[in-house]
Structures are given as C-alpha cells and as structure tokens.
Amino acid sequence: MDLQHTPTAALQNYSPELRVLLFDYTLQLADTSLILGHRLSEWCGHGPILEQDLAMANIALDLIGETRSLYQYAAELEGKGRTEDDLAYLREAVEYKNPLLVEQPNGDFADTVMRQFIFDGFHFFLLKDLQNSPDPGLAGIAAKSFKEASYHLKWSSEWIIRLGDGTEESKRRIEKALSNLWRYSGELFAMTQTEKQLAQASFIPEYSALQPQWEAHVAKVFAEATLEVPQNVFMQKGGKTGLHTEHLGYLLTELQYLQRAYPGLEW
Amino acid sequence: METIIDKSLEELFEEKIANEIRIEPKDWMPEQYRKTLVRQISQHAHSEIVGMLPEGNWITRAPSLKRKAILLSKVQDEAGHGLYLYSAAETLGTSRDQMIADLHSGKAKYSSIFNYPTLSWADIGAIGWLVDGAAIMNQVPLIRTSYGPYARAMVRVCKEESFHQRQGFEIMMTLCNGAPAQKKMAQEAFNRWWWPTLMMFGPKDSESPNTEQSMRWKIKRFTNDELRQRFVDMMVPQAEFLGLTVPDKDLTWNEAKNGYDFGDVDWEEFWNVVKGNGPCNKDRLSTRVKAHEEGAWVREAALAHAQKRAQREAEKQA
C-alpha cells in the first residue's frame, strides 16, 4: 500500500483549517446518509411487497454502511477522540447538517420513492466525482459507495417510471409526492461556505457542474414516467446549516434514545 | 416378473420415504402429505414475515450504528427466508397470494412467539439468543426433511439463523458484562422470553395431533418433547455463563437421564396465545394487513406498467 496516499498519512500534511473544512463536509455527508438510511429503515416489515421490503432494507443498509465510514473518517479528521457513535448519537438537531429533503417523513410509497429519486441522482453524480478527490479518505469512501449509489438510482428511477406510467392512482400519488418534495431539491446543489471553499481548493466538485447532469437524468426519467418537471418552485433550504424542519427532532429522539437515557455505556 | 409399473404410486412414494430419497415437486404424493407440507412451510414463511415486526421495532432505536446495521440486516434476512419459503410452498401448488390471504384471514398460523412484545433493547438480544436458538433446534432436522425444496431452503435458512443466534448471544453478553442497569435489563428480558421460547416446540407429544404422521413421512425427525429437552440442556449452561438466573424454580440436573428436569410450561397460556389472545396477536396481524392493503396500489401500478410495456413491445414487433 502506498503510505503517502492512505487517509491517515494524508492528514498530516493538511493545515488545521483544511482539516476543519473536511471535517465539516464529511460530517454533512454522514448526517445525510444516516438520516435517509434511518428513514428507509422505518419501512422494514411494512413494505408494499416483500421484494420491495428487501430492496429498501438493502438501500438503508448501504447508506448506514456509508454513514459509518464517513463518521469514522470525520472523527479522525477532528482528532478529538470522538467515535462514530458520539457523532451520531450525541449531537442536537441544530448540529445536524443534512439537507431538508432526507429528513422528510416516509409518507406513502410514492413519497419515499420520490425522495429517494431526487437524492439518488445527486448522490450518484457527487460520488462519481468525489472518487477523484485529492483527499484519499473521501475518495476511498466515494469509490465504495458509488457502486451502491448506482444501484439505488436504478431502483428509484425504475419506480418513478412504474408509478408515473402505471395506474391513475399511482400517477396521482407520484405527482403529489413530486409537488411535496421538489421544493427540497434545490438545497442539494446550493453550496455552503464549507462546500465553496473545498470546491475552490478542488477537493470536491462545483455543484453547478453536477446540477445539469442531474437535471438531464431527471428529465429523461420523468419523460418516460410521463411526469412534468416542475417549474419556478420556491426552494426551501436550511438543513445544511442546521435550520431543519420539525421532523428531524422526532427522528433524533428515537434514534438517540438509548444513548441519551443511559449515558456512556457500551452496547 | 415385478416391474415398476406394477407398483402403485403410493408404494413408490413410500419406498422413496423409506430409502431417504427426496420427494420432488413433480412426484406423486399423497394429498395429506401435500397438505401437511403446505401448512407447515407456509406457517414457517408467515413466522418469518410476522417475526420481522417485534425486532423491526428496535431498528430505529438501536443503541449504536453497528447494532443498527446488524439488526436491520437480520430483519432483512428474515424477509429473505420468507421469500424462499413461500417459493418452496408454491412448488406444492398454492400461490403466495393465497397463503397471504390465509394468514390475514386467520386461517393460517404463525409462530406464537411473535405475539409477545419487545419492551427493551435486551429483548433483541434475548430473541436472537433464545428464539433463534429454539428455531435452529427445530429447523436443523428439517435439512433432512423428505420434501426436496423445503430441505434445500432450510440449508440456507439455518446457516443465517445460527449467525443471528451468535449475534443475540453477543448482545446478551455485552449487557451482562455492562452496567447494573444493563444486567437488569438482560435478566428481565430473559425472564419474559424463557417460557414462551419453550412453548415454541409445540404442545406435549401426548397432545400433538400431527406429530405421528409427520414422523412417519419423515417431514419431522424428532418429537416436540425431545427437542424441548435438548434445548433446555443446551441453554442452561449458556445462561449460567452469562450470569443469568433461569426463571424456573423446578430446574434441577438429573444425573440418571443426563439432562435437566424442568418445570411445566403454562399450557393454558400457550393455547390462549394460539387462539389469538396473546399480548400482540391483534397488533401483529393488523400491522401485516395494513401493509398489504396500503401496498395494493403499488402492486397494481407495477402490474399495469409491466402490461403496458409488454404491449408496446408487441406493437413494435408487429
């Protein structure tokens, strides 16, 4: 193994400022995967058909796996001895940095599929690019998760098409999901200060370069699904800077319950 | 000269059973054999699916990311087991839809153990350790069961179940070596799950109407009481290792039989839960029915879309 390019070796050459930026960013990616993975895991045992129960659990497992790698790496970047579980279980909602989209409740299967589809495209094109990041930590995690994200995008794209071009009821439901969730798509591409600085330093891509790829994919899938891409929708944002919807607090209450009720124990 | 043709189908079937030759879907089989298998395999599949619920409860509350991933993957395995068991049962000529309809109408049963609630994180450990332990005891002999597709499905199921059991034991061990509050949690879960787990082996042999025929057809290889005894003998030392007290004042080592004597299962409770009066029977079933009903439009959409697609393909060909 080329020691120069292991994550740990690379960290030694980073300035403290860069480490903070990378920590912030890695944490944001981890929070995003965790919250979406958690949401999907709520479906387990309640899916519309056994095969889709399995598929959603699979995606949730991939996301939680990605979460763990990201938190572990974030903990290393921070260098204060926190663990993946400290980062997941002992931070308040306002400290979470996930975009609003992923914390939205599951709703019906159409809502879940739409939330997933909007996210999967972003995730796919981001990871595709992040694999080439000069930071070996992010590049390594991205390379592993990219394969999984390709499968997720295939799954959600196929379901968008099935539901859009299925029955009248499925069309009505997926259109409703679209009108509920589209307003959260803009935040995915709106860069925070941290993201802007990392993009400037070429550690991560400019999201303005990802967005057209994402839009092209959305347009292609929507055309096949006989859905219209919404126009002139006001975009909600805030999650990436800690201003969440009310849903996140409840989610974290459940997620963090045991760690909060019995502080400091091993499980 | 005796030829194969002279033998009746039934004789051929009996000969295969006697010679430990697997019965396969296209083979002739007595109607009662088919019925017994559909009942048993579908009951087993339903148990996997309903069994996702008590543990699924704790996926969102698992105490660490590692535990969360392990639990989610375990519950997902159960969905997978349900899938191959339904497929095995379908080889006998009953559709998955029919089996699910029978579950929802209350005609088909599932393991009563899943009608008990999971009240603390330790229940997840106790279920893995005890319930999966009992399931393995019941299921390992099924790898040699006479019906081929069922036996083959069980090879994979048992492999995964034994992995689950180790994980359950590991949760219990972590709790028992942890803080007093965790040890207490573990003992309470053990107290709650011990007796219902012993009930998983089914009624006493003297009251099990299906056992004799199932043993003769080699669908079943051991009686309920034999398996229950083995389970107790296996689990008591493990409980001692964990430092947990078995909630049975009659438990004593019997040197003569080289096994434990243990107290009587509360059969009244057992039959009550079977009849639908367990703490969670209504909830479990209504949760399954709800998921199925709310998923109807999704299944219809998938079907409608597949038909549209096929039609377009056909038009293109024409």
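Values as computed for the structure displayed
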| quantity | calculated |
| --- | --- |
| Whichever residue in the stretch A:248-257 is crowded, with 16+ Cβ neighbours inside 10 Å and touching a residue at least 24 places away in the same chain (Cβ under 8 Å) and, among such residues, is farthest from the other protein chains (Cβ to nearest Cβ) | A:LEU248 |
| Qualifying residue in the stretch A:4-11 (condition: open to solvent by 60 Å² or more (accessible area, probe 1.4 Å) and not in a helix (DSSP H, G or I)) | no |
| Failed item in (1) under 24 Å from B:SER112 (Cα atoms); (2) surrounded by fewer than 16 Cβ atoms within 10 Å (Cβ to Cβ), with B:SER8 passing the rest | (1) |
| Matching residues, the stretch B:266-292, being away from every other protein chain (no Cβ under 14 Å), assigned to a helix (DSSP H, G or I) and of a type outside the set (D, E, K, R) | B:TRP267, B:PHE270, B:TRP271, B:ASN272, B:VAL273, B:VAL274, B:GLY276, B:ASN277, B:ASN281 |
| Leading residue by the ranking (nearest to B:TYR116 (Cα to Cα)) among those in the stretch B:39-69 that are of a type in the set (Val, Ile, Thr) and buried (at least 20 other Cβ atoms within 10 Å of the Cβ) | B:VAL50 |
| Residues of the stretch A:62-101 that turn out to be at the interface with chain B (Cβ under 9 Å from one of its Cβ atoms), of a type in the set (A, V, I, L, M) and within 13 Å of the chain's Cα centre (by Cα), as a count | 1 |
| Options A:LEU61, A:LEU70, A:LEU77: the member that is hydrophobic (A, V, I, L, M, F, W, C) and open to solvent by 10 Å² or more (accessible area, probe 1.4 Å) | A:LEU61 |
| Filter result (open to solvent by 50 Å² or more (accessible area, probe 1.4 Å) and closer than 14 Å to A:ARG260 by Cα) within the stretch A:87-107 | A:LEU90, A:GLU92 |
| Of all residues in the stretch B:293-318 being more than 8 Å from chain A (Cβ to nearest Cβ) and among the charged types (D, E, K, R), the one that is nearest to B:GLY106 (Cα to Cα) | B:GLU293 |
| Yes/no for A:ARG39 being in contact with a helix residue (DSSP H, G or I) (Cβ under 8 Å, 6 or more places away or on another chain) and away from chain B (no Cβ under 13 Å) | no |
| Odd one out for A:ALA199, checked against (1) open to solvent by 20 Å² or more (accessible area, probe 1.4 Å); (2) of a type outside the set (Asp, Glu); (3) more than 18 Å from the chain's Cα centre (by Cα) | (1) |
| Pairs, first of a type in the set (Lys, Arg) in the stretch B:249-277, second surrounded by fewer than 15 Cβ atoms within 10 Å (Cβ to Cβ), C-beta under 9 Å, six or more apart | B:LYS249/B:GLY263 |
| Where B:THR118 falls short, out of the listed (1) within 23 Å of B:CYS280 (Cβ to Cβ); (2) under 16 Å from the mean Cα position of the chain (by Cα); (3) within 13 Å of another protein chain (Cβ to nearest Cβ) | (2) |
| Qualifying residue in the stretch B:214-234 (condition: within 14 Å of chain A (Cβ to nearest Cβ) and touching a residue at least 40 places away in the same chain (Cβ under 8 Å)) | no |
| Output for the stretch B:47-72, where each listed residue is free of Cβ contacts under 8 Å to residues at least 12 places away in the same chain and not hydroxyl-bearing (Ser, Thr, Tyr) | B:LEU65, B:LYS66, B:LYS68, B:ALA69 |
| Residue under evaluation B:GLU11, criteria (1) modelled with pLDDT under 95; (2) within 14 Å of chain A (Cβ to nearest Cβ), criterion not met | (2) |
| Filtered residue count, the stretch B:300-318, keeping only those that are touching a helix residue (DSSP H, G or I) at 6+ places or on another chain (Cβ under 9 Å) and surrounded by fewer than 17 Cβ atoms within 10 Å (Cβ to Cβ) | 2 |
| Selection count where residues are modelled with pLDDT of 95 or more and within 12 Å of chain A (Cβ to nearest Cβ), scope the stretch B:84-115 | 8 |
| Condition check for A:ALA55: surrounded by fewer than 18 Cβ atoms within 10 Å (Cβ to Cβ) and hydrophobic (A, V, I, L, M, F, W, C) | no |
| Verdict on A:SER133 being under 30 Å from A:GLU17 (Cβ atoms), buried (at least 18 other Cβ atoms within 10 Å of the Cβ) and of a type in the set (S, T, N, Q) | yes |
| Complete set of residues in the stretch B:134-149 that are crowded, with 24+ Cβ neighbours inside 10 Å and assigned to a helix (DSSP H, G or I) | B:ALA134, B:ALA135 |
| Within the stretch A:140-190, tally of residues that are among the small types (Gly, Ala, Ser) and surrounded by fewer than 20 Cβ atoms within 10 Å (Cβ to Cβ) | 6 |
| A:ALA75 at negative phi, at pLDDT below 95 and part of a helix (DSSP H, G or I) | no |
| Unique match (being over 26 Å from B:LYS107 (Cβ atoms) and open to solvent by 60 Å² or more (accessible area, probe 1.4 Å)) among B:ASN258, B:ASN277 | B:ASN258 |
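Residues checked against (1) within 14 Å of chain B (Cβ to nearest Cβ); (2) under 17 Å from the mean Cα position of the chain (by Cα); (3) without any contact (Cβ under 8 Å) to a residue 40 or more places away in the chain:
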| position | (1), (2), (3) |
| --- | --- |
| A:LEU126 | no, yes, no |
| A:GLN131 | no, yes, yes |
| A:GLU158 | yes, no, yes |
| A:PHE189 | no, yes, no |
| A:THR192 | no, yes, no |
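The values are calculated or read from the model by the stated rules, or taken from the named source; none is laboratory data. If you're wondering where the values come from, they're calculated on a predicted model, not measured in any experiment. With ideal geometry, Cβ positions are generated from the backbone for all residues, glycine too; neighbour counts draw on all protein chains shown. Protein only, heavy atoms only, side chains kept; ligands, DNA and RNA dropped before computing areas. Shrake-Rupley method; radii C 1.70, N 1.55, O 1.52, S 1.80 Å.
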